[in-house]
Amino acid sequence: MAIVENPLLGKVHGRFANAYFRVVGDRVILSSRPFYNRKKPTEKQIKQREMFKMKDKMIKEIYRDPVKRAEYSSKCKPGEVVYDLIVDAVWHELE
């Protein structure tokens, strides 16, 4: 992606060949054409995505529960974030 500062182009927007011009605020941004993969995911990818969804759901449940959140909060060192500690615990627990 590039930010166009060319006075010849001015406030151009839209598509030209494989380039897309977007106006964001007062800047013109040049980006490449988005790539959409139409291949079906493999069994391994599907399994990995399901595992990620399950871990994400567990992390959110623990974070929303005040009792469990307080338990993890007591384990935090100064400068640590409770959410990061929960993520680390869940990811290592399920591997």
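Of note:
- Residue list for the stretch 77-95, filter: under 20 Å from the mean Cα position of the chain (by Cα), assigned to a helix (DSSP H, G or I) and without any contact (Cβ under 8 Å) to a residue 12 or more places away in the chain: D84, D88
- Annotation note: Cβ proximity below 7 Å between a residue of the stretch 45-67 that is closer than 13 Å to L94 by Cα and a residue that is at pLDDT 95 or above and not in a helix (DSSP H, G or I) (sequence gap 6+ or interchain) occurs for no pair.
- Boolean, G10 is modelled with pLDDT of 80 or more and at positive phi: no
- Some residue of the stretch 36-45 being among the charged types (D, E, K, R), at pLDDT 80 or above and part of a helix (DSSP H, G or I): yes
- Among the residues making up the stretch 55-76, those that are assigned to a helix (DSSP H, G or I) and of a type in the set (A, V, I, L, M, F, W, C) are M58, I59, I62, V67, A70.
- A single entry from V82, V28 fulfils the requirement of being hydrophobic (A, V, I, L, M, F, W, C) and modelled with pLDDT of 90 or more: V82.
The values are calculated or read from the model by the stated rules, or taken from the named source; none is laboratory data. As the structure is a computational prediction, the values presented were derived from the model and not from experiment. Because the Cβ atoms are built from the backbone with ideal geometry, glycine has one as well, and the counts that use them run over all protein chains shown.
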